[in-house]
Ligand code: SAH
């Protein structure tokens, strides 16, 4: 018999937690056994001592308990390996045979605090809770037994680890390649070859959540003869390369403030044989759009057929939503000023706090300000390897629209 200590919840929010939400805040905790320490596994029970599950406890985190196992049994190596395998099986249903993929997406897979990405022979993992950190050896063991990658990297260099007192670290557990080669790792995906940086790149190298949307942008871009495309926040070229690979595309400009991203995007354009149509500029998108839409001579351009806005999350919490809305609004207004009549604006938000309705209303306000009539031609969504779990609304974060303008 295991001897986990018990925490009893009060009725506040218990329906949400019973329904499957893994996060328990302090206000939901009625009482707990003595001696529970940060990172410990705890049994979580309801007011009538009915077992809800087992989770990781942290007294200093806003999320006091992250429930992981929904049974009265400890989170051990065997169970973790089984749960990871289940997550992988789901991906095989969605994307049979694909090996550039997010295998585990934290709350989306019932494994709060754990991300595992695969790039062919390379597997990268990221842990953001102390309890999950204590399971690191089991996680590594599970990855080795299920995938046996020749490269295994811990990308625990994310700032949200500080909420659980964890240091930022990056460690190569195993690699058939030199560290330098890992900063320019090559994968093939959706008909394109990408060089990406497994050691320092954003996320673990690629925005895997946007891969389907790159694909979905193809027919929209291809419908414009001689398309001139502006890709704002281009990172290592996802939308830009997709656009440049469309036969009718005349030119693509990609904008990103990161020198490393711009360098890789230019290299990727070359490798894919589309560099003659692509230009990548290291700049602040807000400044570039402001200069372009006010007709500054150095950036004055003829208008674009397709403009893509894929900014980072401007808000990670409810308190900064207003500032984020102003940022999104400015981007939309500036972009619409540079869009040809008959052009398409593709706009995305990866913030959970900006709902699809809110994004739509921002586009609508920008259309009023610029006197451009918008027709919503497509709606977009995060890729299926980042599944949305209805009882955990935070798992839905990436949404987007394509707008066509007649005037
Ligand atoms: N569109 C990309 C993902 C973009 S992620 C894809 O589909 O793969 C957001 C990018 O915005 C990052 O590369 C980051 O470097 C860049 N960024 C953030 N703020 C910026 C700013 N103000 N100006 C330019 N780039 C910015």
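Data for the structure
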read-out	value
The chain: angle of helix 356-370 to the longest principal axis, Cα-based, in degrees nearest 10	20
128, 361 arranged by Cβ crowding within 10 Å, fewest neighbours leading	361, 128
Residue 72 paired with residue 378, simple spin-label distance in nm, labels 7 Å along Cα-to-beta-carbon	5.2
Relative contact order (%) - the range 1-141, alpha-carbon pairs under 8 angstrom, separation at least six	19
Two-site label geometry, residue 157 and residue 141: point separation in nm, points 7 Å out along Cα→Cβ	2.9
Calculated diffusion of the chain, Stokes-Einstein form, Kirkwood radius summed over Cα pairs, 25 °C and 0.890 mPa s, µm²/s	108
Sorted by Cβ density within 10 Å, fewest first, the residues 50, 40	50, 40
Among 164, 107, 247, residue whose mean-square fluctuation peaks in a GNM of the chain (springs only between Cα atoms under 10 Å)	247
Cβ-Cβ FRET estimate between residue 316 and residue 3, R0 fixed at 41 Å, reported to 0.05	0.65
Amide N proximity, the range 367-390 versus residue 223 label position 7 Å along Cα-to-Cβ, cut-off under 16 Å	373-380
Pair residue 99, residue 326: separation of 7 Å Cα→Cβ label points (nm)	4.9
Gain on full stretching of the segment that runs from residue 193 to residue 394 - 0.36 nm per residue minus C-alpha separation	69.2 nm
Separation of alpha-carbon centers, the range 238-277 and the range 85-102, rounded to whole Å	28
Contact order relative to length of the range 207-405, as percent, for alpha carbon pairs under 8 angstrom and 6 or more apart	20
Between 0 and 90°, nearest 10: helix 321-337 axis offset from the chain longest Cα axis	20
For the chain, share of DSSP beta bridges that run antiparallel, in % to the nearest 5	65
Packing-based order for 135-143, 282-290, using average beta carbon neighbours within 10 Å, highest first	135-143, 282-290
Quarter of the Cα convex hull surface for the range 276-385, i.e. its orientation-mean projected area (nm²)	8.5
Helix axis angle, 77-94 relative to the chain longest principal axis, alpha carbon, degrees	30
Residue among 224, 319, 21 with the largest mean-square fluctuation in a Gaussian network model of the chain, springs linking Cα atoms under 10 Å	319
FRET E, pair residue 361, residue 287, Förster distance 22 Å, beta-carbon r, rounded to 0.05	0.30
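Quick note: the coordinates plus some simple rules give every number you see, no bench work behind them. Just so we're clear, the structure is a prediction, and the values are computed from it rather than from any experiment. Using ideal geometry, Cβ is built from the backbone for each residue, glycine included, and neighbour counts are taken over all protein chains shown.
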